[in-house]
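The values are calculated or read from the model by the stated rules, or taken from the named source; none is laboratory data. Values in this document were obtained by computation on a predicted structure and should not be read as measured data. Please note: Cβ atoms are built from the backbone with ideal geometry, for glycine as well, and neighbour counts cover all protein chains shown.
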Amino acid sequence: MIAPYSHVFLLAGLLFVMGAGCTVARRNLVMILLGFEIMLNAGAIAFVGAALRWQSIEGQVFALFILAVAAAEVSIGLALIVCIYRRSGTVAPDRLD
Amino acid sequence: MTFQTILFYLLAALILWATGLAITRRNLVHAVVYLVLSFFGSALLFYLLGAPLLAALEVIIYAGAIMVLFLFIIMMLRGEALREKFHPRRQWLPAGCMGLLFGAVGILMVLHDPAASSPLMPAVASPARFGQHLFQRHWLAIEIVSLLLLVALIGALLIARRGGRRQNPAAEEPA
């Protein structure tokens, strides 16, 4: 016995809220991207917990795809940040033209 | 209260603590290092929940590759990235209210679900079985994801190169 699925889901929900708060509240493009990563990780935790709850491996498959999409997203996002920094010299989203 | 139960709550506390510290740091390097700790905790949680392959991939991809990429970019932007002003206080009130509302609704919704209160039984999906299932049932999705990664690779190269060209057009001419 580990813990009820509701507690795993609650952990994922709290992590998601933390990531969303980081994305909305911080004024730095790098921290905004880190908030996205936290949110995707929270989604993966919820999927893995659900895979154990319903004894189905599909949840783990989805968590793997989430990992791949996160890798693609972060490479594009960081390339965009480098591009923005070279053009405008800042990474604060409210100081861009 | 078994050993695995205690382990789960310890890991949950570790993940929430490290993530909470990470999103409030002003220094970006500190934030990334705390987030690495959080992802290691997530990897242990995956192992506890019966996904050893995903635990290994979480360490390799998230805590390894992605966070090192973030560190490289932070070192490229050094100096600029450390000066960050937070939002004024009057904007924190509505944000905090919405967050509390969301948290309260989520907790009520989860705790009032009768089916979700029974404890999870430990089970392990071995990497071999996971891989077989993945490539037998989801081969098309695997191909699409690999295409997505290829497109992301080419796109990142193009975006980064074009950004450099516009900045100093003189460097473009000799080529």
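Worth pointing out:
- Test for B:Ala95: is it surrounded by 13 or more Cβ atoms within 10 Å (Cβ to Cβ), outside the structural domain of B:Leu53 (by TED's automatic domain parsing) and either modelled with pLDDT under 85 or closer than 30 Å to B:Asn27 by Cβ (or both): yes
- Filtered by the rule that a residue be among the β-branched types (Val, Ile, Thr) and either at pLDDT 90 or above or touching a strand residue (DSSP E or B) at 6+ places or on another chain (Cβ under 8 Å) (or both), region B:30-85 gives B:Val32, B:Val33, B:Val36, B:Val59, B:Ile60, B:Ile61, B:Ile66, B:Val68.
- Scan of region B:35-53 for residues that are without any contact (Cβ under 8 Å) to a residue 24 or more places away in the chain and either over 12 Å from the mean Cα position of the chain (by Cα) or not in a helix (DSSP H, G or I) (or both), ordered by number: B:Phe46, B:Tyr47
- Taking each residue of region A:53-74 that is more than 7 Å from chain B (Cβ to nearest Cβ) and looking for partners that are of a type in the set (Gly, Ala, Ser) with beta-carbon atoms closer than 7 Å, six or more apart or interchain, yields A:Glu58/A:Ala51; A:Gly59/A:Ala50; A:Gly59/A:Ala51; A:Ile66/A:Gly43; A:Ile66/A:Ala44.
- Only listed residue being at the interface with chain A (Cβ under 7 Å from one of its Cβ atoms), under 19 Å from A:Phe65 (Cβ atoms) and modelled with pLDDT under 90, chosen from B:Ala116, B:Ala125: B:Ala125
- Complete set of residues in region A:22-34 that are in a helix (DSSP H, G or I) and surrounded by fewer than 20 Cβ atoms within 10 Å (Cβ to Cβ): A:Thr23, A:Val24, A:Ala25, A:Ile32
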